[in-house]
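Nothing in this text is a laboratory measurement; each read-out follows from the coordinates by a stated rule. Computed from a prediction, not measured in an experiment: that's the story for all the values here.
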Amino acid sequence: MHVNTSYTLLAILVMGAITFAIRMAPFILFGKKKSTPKYVVYIGNYLPPAVMAMLIIYCLRNIKLYSFPFGIPEAIAIIVVAILHIWKHNNLISIIVGTIVYMIEVQLIF
């Protein structure tokens with residue numbers, strides 16, 4: 001499929017404008033003088049841990065504990081992530097290193 005340049009540039013411009021509008025919305029809706037509504041604060045406090053719990057369940061749903069490798073790579077990666085997060089308190093480092101450890105395990109060890 002061949003797409004012309006003007007269509008591509010227009011699509012990029014529209015996506016950029018929408019992204020800018022979405023990022024500006026909190027500043028417009030909750031300016032310096034307006035207080036943040038309680039439901040937004042509640043969602044901000046409880047949604048990230050809920051999303052992380054759902055991602056963990058999703059990632060671990062197909063582990064077969066009754067056949068090799070018995071969930072060992074996943075368990076090691078979870079332990080690495082937990083230790084790094086407790087030690088460094090940095091989500092990004094924990095996730096990146098945990099992913100690298102898991103991929104090394106499944107590609108080279110198990």
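Evaluate the Kirkwood expression for the hydrodynamic radius of region 45-110, namely the inverse of the mean inverse distance over all pairs of different C-alpha atoms, and round to one decimal in Å.
Computed over region 45-110, the radius equals 12.7 Å.
Measuring from centroid to centroid over Cα atoms, what is the spacing of region 59-75 and region 1-19 in Å?
44
Evaluate Rg over Rh across the chain, taking Cα atoms for both radii and Kirkwood's formula for Rh.
With Rh from the inverse mean 1/r over Cα pairs, Rg/Rh is 1.16.
Among Lys88, Lys64, Lys33, whose mean-square fluctuation peaks in a Gaussian network model of the chain (Cα, cutoff 10 Å)?
Its mean-square fluctuation being the largest, the pick is Lys33.
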